[in-house]
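Colleague: One structure, as structure tokens, below. Some questions next.
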Amino acid sequence: MFAFAGFTPLTNGELSFGYIATVLIALIFWLLSRQGERPRDVFMGRLPVGPEFRLGIGLTVVVFALAVAVLSATRVLLPALHNVKENPLQQLIQTPMQALILAVVATISGGLREEIQRAFILHRFEQYLGGGRVGLVLYSLVFGFGHSLQGWDAVLATTILGAFWGAVYLMRRSIIAPVVSHSGFNAAEIFVFLVTARS
């Protein structure tokens, strides 16, 4: 079906991230519907979108401060964890247009896809796999290790950020604030990379 619509798993002989992300989200929605669950109930909960969106904007500042605090403390207390001198993603940001494109990709892949995935996994842990707290710890570790290309200090920081966003979801039963916060954090991080690269 995807191929018929011109959406293929390979781009220039390599796996397409967009294809994988789309298939993953489609699979999540299909699994929920197979269990008689409505994705809207799992991902949006009963809270109004507007206040959740505004909360997400406010949480972006909290998350950015948390990331700066963790990375700064790590550099002082555990400097060996800073094993990658320059974030490999910085190489993708040479111009404002590249920063804009990466910000859009990071918003969709990070802000949206990762939070849908996190909420689904936490939801399943609550139902079948030992509870939300167990899921929060385990999936936060997986999320952190998924950023190992950026260095061990980034693994620690993203583990903590993943736990933060997961806790917000578990408390509020909505991905809106985590999606907005995660997207805002990714965009802010790209902006900082662009500014520091040009100075």
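The values are calculated or read from the model by the stated rules, or taken from the named source; none is laboratory data. In this text, all values refer to a predicted model and were calculated from it rather than measured experimentally. Virtual Cβ from ideal backbone geometry, glycine too; neighbours counted across all protein chains shown. All accessible areas refer to the heavy atoms of the entire protein, side chains included, with ligands and DNA or RNA removed. Shrake-Rupley method; radii C 1.70, N 1.55, O 1.52, S 1.80 Å.
Colleague: Rounded, prolate or oblate: pick one for segment 44-184, where a ≥ b ≥ c are the square roots of the eigenvalues of its C-alpha gyration tensor, a/c under 1.5 means rounded, and failing that, prolate if a/b is larger than b/c, else oblate. Mind dumping the intermediate values first?
Modeller: Working: a/c = 1.87, a/b = 1.29, b/c = 1.44.
Oblate, since a/c reaches 1.5 and b/c is not below a/b.
Colleague: Separate question: Let me check against my output: what whole-number percent is the relative contact order of segment 41-199, with C-alpha pairs under 8 Å and at least 6 apart? Kindly include the intermediate steps, with their values, before the conclusion.
Modeller: On the way: 197 pairs, mean separation 67.5, N = 159.
About 42 percent, as a whole number.
Colleague: Using θ = phi - 60° and the Karplus form 6.51 cos²θ - 1.76 cosθ + 1.60, what ³J(HN,Hα) does each residue of segment 37-51 get, whole Hz, x for Gly and Pro?
Modeller: With coefficients 6.51, -1.76 and 1.60, one gets 9, 8, x, 4, 5, 6, 9, 10, x, 10, 7, x, 5, x, x Hz.
Colleague: List, in order, the whole-Hz ³J(HN,Hα) value for each residue of segment 101-108 obtained from phi through the Karplus relation with A = 6.51, B = -1.76, C = 1.60 and θ = phi - 60°; use x for Gly and Pro.
Modeller: Per-residue couplings from phi come out as 4, 5, 5, 5, 4, 5, 5, 6 Hz.
Colleague: Moving on to the next point. Where in segment 136-155 does the label zone of His82 land, with the point 7 angstrom along Cα→C-beta and an amide N cut-off under 19 Å?
Modeller: 148-155
Colleague: Output ³J(HN,Hα) for segment 121-137: one whole-Hz value per residue in order, computed from phi by the Karplus curve 6.51 cos²θ - 1.76 cosθ + 1.60 with θ = phi - 60°, and x for Gly and Pro.
Modeller: 5, 5, 4, 5, 4, 4, 7, 10, 10, x, x, x, 5, 4, x, 4, 5
Colleague: While we're on this one: Can you give me the long-range amide H partners of Asn83? Hydrogens built in the peptide plane at 1.01 Å from N, cutoff under 5 Å, separation of 5 or more residues or another chain.
Modeller: Trp152, Asp153
Colleague: Tell me, what is the 1.4 Å probe accessible area of Leu100, in Å² to the nearest 10?
Modeller: The value for Leu100 is about 100 Å².
Colleague: Now a separate question. Could you report segment 68-199's accessible area per residue, 1.4 Å probe, as an integer in Å²?
Modeller: Details: 6720 Å² over 132 residues.
That works out to 51 Å² per residue.
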